[in-house]
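Take a look at the structure set out below.
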Amino acid sequence: MEITVKNLLKKYNDKTVLKILDLHFTKGQITGLLGDNGSGKSTLLHIISGLDLDYEGEVLYEGACFKEENRQLIGMVSQKPYLFKRSVYDNIEYPLKVRGVPKQIRQEKVHKLMKNMNIEAISRQRAETLSGGEAQKVALARALAARPALLLLDETTSNIHEDAVLTIEEQLKVYHQETNCTIIFVTHNRMQAERFCDQCICLN
Amino acid sequence: MNEIANGFIKAFWMIVSFDPELYEIIIRSLVVSLSAVMISSLFCVPLGIWLGLKRFKGKQLISRLLYASMSTPSVVIGLLILLMLSRRGPFGFLGLLYTPSAMIIAQTVLVTPLVLGLIYHTVKQRGRQIQQEGLLLGADSFQVMILIIREFKMDFLVHLIAGFSRAISEVGAVMIVGGNIKGSTRVMTTTIALMNSMGEYDMSIALGVVLLLISLLVNIVVYKEAEPWK
Ligand SMILES: Nc1ncnc2c1ncn2[C@@H]1O[C@H](COP(=O)(O)OP(=O)(O)OP(=O)(O)O)[C@@H](O)[C@H]1O
Ligand SMILES: [Mg+2]
């Protein structure tokens, strides 16, 4: 999915937190989004995800305004993801369940995702009891389950051990090649941005 | 002193020998209050979730009104329902006054602001995050509603129990609309009030003990269930 941001202005009670004149996310590209704390990275992802529609300016999806159907195509792992109070398996299964995917196929998909993220061992553990890094992996697996065409990742690897980060990056690359999806990847790690992303944007 | 001890002994005997009048009153109390809470929950849960998530003008005002009405005196509710159901009232033709149905209606009206206010408060504080996550994962509004109920099931249960505790322990509303008629609309609290004024303490003590046990039991069960989740 191709995203265009034009003359975007976001305010919280008269305080401008984000101002973008022109920004383009090409279809099939991985864009790294960098910037200081409070520069508006999470705010921008929220707006692009369609959760926050209260802004001035334009955000275009394939050249059109946000439509409810777009939700089915957008996946996001927020900076503080909320996992449901159920098992890891049930969390990852959720997006497939709401789309009415048959049980057999759900099972296969969830198991494959858990294998890719290397979280099979915690499959039956309740999500409230996971460590920070484990929770991020589960949130990422859950976001990938519905195979979004636009994937928004907000510091999704920040709590994950460096070896595991590399594995996850590989998995994301595989997913990216399979689907030719657009990825916006927020990170504070310049090295990671350079090795993982096709282009980088710095907000200020 | 002797009289009190005697009262306790007789009360104990009534409980263990399954005194029919005593148990009839206990069961009626439970049926009336449980029905009220269940009916109330049918619209408090969806409405509370909706109010908690929705942004609209005047939400502040609605919150204030709702929180303020959570502790409406039960006699006021009783009076209100009495006026509605009395023969010359708008719903007089239903002939419900001084029946258990009238008591259920009164208690439903009594617990609704409390349960609604508690559910609204919980959802307003922590519901939006769940709503957003649900929407992101592709859920529609109905699926989001179900998701929120599942995520908050323990909180909501505690809110319903709070409503039940309020209903089972109030006297004013059921007294006014039920009339405390022997064999038909007597519940635990109204019987205690009446028996005391007549100086018959055995029944009062027995009912008082049962009432206490019920509240204790309910609270123990709830908090035991609720703890491991926190
Ligand atoms: N609900 C809100 N009300 C008021 N101000 C807000 C609100 N949400 C965010 N802000 C402000 O908007 C600015 C941008 O926040 P945002 O979360 O987008 O930053 P960020 O770039 O993601 O930072 P970080 O790197 O720390 O995650 C911050 O100054 C923040 O305080
Ligand atoms: Mg952020």
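A few notes on this one:
- Compactness of the protein assembly as shown, taken as the C-alpha radius of gyration over 2.2 N^0.38 Å, stands at 1.31.
- Taking label points 7 Å from Cα along the Cα-to-Cβ direction, residue A:13 and residue B:91 give a separation of 4.3 nm.
- Choice from A:138, A:59, A:174 with maximal GNM fluctuation in chain A (Cα, 10 Å cutoff): A:174
- Here each label is just a point 7 Å from Cα along the line to Cβ, and for residue B:154 and residue B:8 those points are 3.7 nm apart.
- Across chain A, the mean sequence separation of Cα contacts (distance under 8 Å, 6 or more residues apart), normalised by length, yields a relative contact order of 31 percent.
- Normalising by residue count, region B:19-229 has a Cα convex hull of 137 Å³ per residue.
- Pairs from the list A:115/B:54; B:10/B:224; A:109/A:173; B:59/B:224 with a Cα-Cα gap above 28 Å: A:115/B:54; B:10/B:224; B:59/B:224.
- Two-site FRET efficiency, residue B:194 against residue B:220, from Cβ-Cβ distance with R₀ of 35 Å, rounded to 0.05: 0.75
- Secondary structure note: in chain A, about 45% of the DSSP beta bridges are antiparallel.
- Choice from A:53, A:44, A:113 with maximal GNM fluctuation in chain A (Cα, 10 Å cutoff): A:53
- Relative frequency of Cα-Cα separations exceeding 24 Å in chain A, percent: 40 percent
- Modelled FRET efficiency - R0 22 Å, residue B:18 with residue B:213, Cβ distances, 0.05 increments: 0.90
- The region of chain A that goes longest without hitting one of the trypsin sites (Lys or Arg not before Pro) in a DSSP loop, each with at most 16 other Cβ atoms within 10 Å, is A:125-204.
- Shielding value for A:92-98 is 4, the average number of Cβ atoms from other chains within 10 Å of each residue's Cβ.
- Low-density loop cleavage sites - chymotrypsin sites (Phe, Trp or Tyr not before Pro) in region B:21-68, where at most 16 other Cβ are within 10 Å (DSSP): B:56
- Cβ-derived FRET efficiency at R0 56 Å, residue B:34 paired with residue A:58, nearest 0.05: 0.55
- Dipole magnitude (debye, nearest 20) for region B:19-229, charges at Cβ of Lys, Arg, Asp, Glu: 1020 debye
- Annotation note: chymotrypsin sites (Phe, Trp or Tyr not before Pro) in region A:32-116 located in DSSP loop regions with a Cβ neighbour count of at most 12 within 10 Å are absent.
- Residue-averaged 222 nm ellipticity for the protein assembly as shown, from DSSP H runs of 4+ at -39500 (n - 2.57), nearest 500: -19500 deg cm²/dmol
- Computed magnitude of the charge dipole of region A:1-157 (debye, nearest 20; Cβ of K, R +1, Cβ of D, E -1): 680 debye
- Difference of contour (0.36 nm per residue) and Cα-Cα distance, residue A:190 to residue A:111: 25.2 nm
- Distance between modelled label sites at residue B:71 and residue A:67, nm, 7 Å Cα→Cβ extension: 5.3 nm
- Per-residue mean of foreign Cβ neighbours for A:193-204 is 0 (Cβ atoms of other chains, 10 Å radius).
- Computed from phi, the 3J(HN,Hα) profile of region A:170-175 under the Karplus parametrisation 6.51, -1.76, 1.60 (θ = phi - 60°) reads 4, 4, 5, 4, 4, 4 Hz, with x in place of Gly and Pro.
- Dividing the mean sequence gap of close Cα pairs (under 8 Å, 6+ apart) by how many residues chain B holds gives a relative contact order of 31 percent.
- Sequence of A:202, A:197, A:181, B:44 once ranked by neighbouring C-beta atoms within 10 Å, starting from the fewest: A:202, A:197, A:181, B:44
- Listed residues A:150, A:138, A:100: farthest to the positive end of the dipole of region A:99-153 (Cβ charges): A:100
Read-outs throughout are calculated quantities, based only on the coordinates presented, and are distinct from any laboratory measurement. Predicted, not measured: the structure shown is a model, and the values here were computed from it. So basically every Cβ, Gly included, is an ideal-geometry build from the backbone, and we count neighbours across all protein chains shown.
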